[in-house]
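The values are calculated or read from the model by the stated rules, or taken from the named source; none is laboratory data. Bear in mind the structure is a predicted one, so any value in this text is a computation, not a measurement. Positions of Cβ are backbone-derived with ideal geometry, glycine not excepted, and every protein chain shown enters the neighbour counts.
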Amino acid sequence: MSDISRIKQSEFNLLNHGDRSEREFWPLLANHFPSYAILWQRFIVPLTSRIDPQAAGDGKKWIRIRADIPAAYQEVAMAHYSVFYFLGRAIKRITEEESALNHPEDVLFLLDSVGDNLKFFLLKISEFGTDCGCNVFDVPCSQFPKGFYPFDKISD
């Protein structure tokens, strides 16, 4: 039995157990979005094969969403990841100072993609809440990013 197969869900972390992009971008985002790691650990990890001891040795299978997961959960997980991915790419691009200054449109495009994916994530979370009999947000997600700084400025 591998060491990974003995890890408890509460011990999973992005730096050691995330996919390539999660390990690359987490150091750039950790101080600004610590709740991402909590949601990832509590909601995303159980949806993946990371909790399957037989998948522990297979790097590609290990990080994938399990086949038996309902579509609504898969959509939330994929939307969650997409927000992280595009934000990580945008922040990484900003850190490439000279290159980013020469092509600021790259950063704005990535941030606009963050907004698009965040809207999708909010919609999926809202649908998930509705399915559970609760209202997650007071404002309809369909209005996002109107009035939400800085996404309203990025879209403009």
Inset, instruction - Please work out which residue is farthest from TYR81 (Cα to Cα), limiting yourself to segment 123-139 and to residues that are of a type in the set (Val, Ile, Thr) and free of Cβ contacts under 8 Å to residues at least 40 places away in the same chain. - result: VAL139
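Out of ASP116, ASP112, I need the residue that is among the acidic types (Asp, Glu), in a helix (DSSP H, G or I) and over 20 Å from VAL136 (Cα atoms). Which one? Break it down stepwise before answering.
On the way: ASP116 fails: over 20 Å from VAL136 (Cα atoms).
Of the residues listed, the single one that is among the acidic types (Asp, Glu), in a helix (DSSP H, G or I) and over 20 Å from VAL136 (Cα atoms) is ASP112.
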Inset, instruction - From (1) under 18 Å from HIS17 (Cβ atoms); (2) in a loop (DSSP other than H, G, I, E, B), pick out the condition that doesn't hold for TYR81. - result: (2)
Inset, instruction - Please specify each residue of segment 87-122 satisfying the condition of being farther than 17 Å from LYS153 by Cβ, of a type in the set (A, V, I, L, M, F, W, C) and free of Cβ contacts under 8 Å to residues at least 40 places away in the same chain. - result: ALA100, LEU101, LEU122
Inset, instruction - Determine which single condition TYR85 fails, assuming it passes every other condition in (1) under 19 Å from the mean Cα position of the chain (by Cα); (2) modelled with pLDDT under 85; (3) among the aromatic types (Phe, Trp, Tyr). - result: (2)
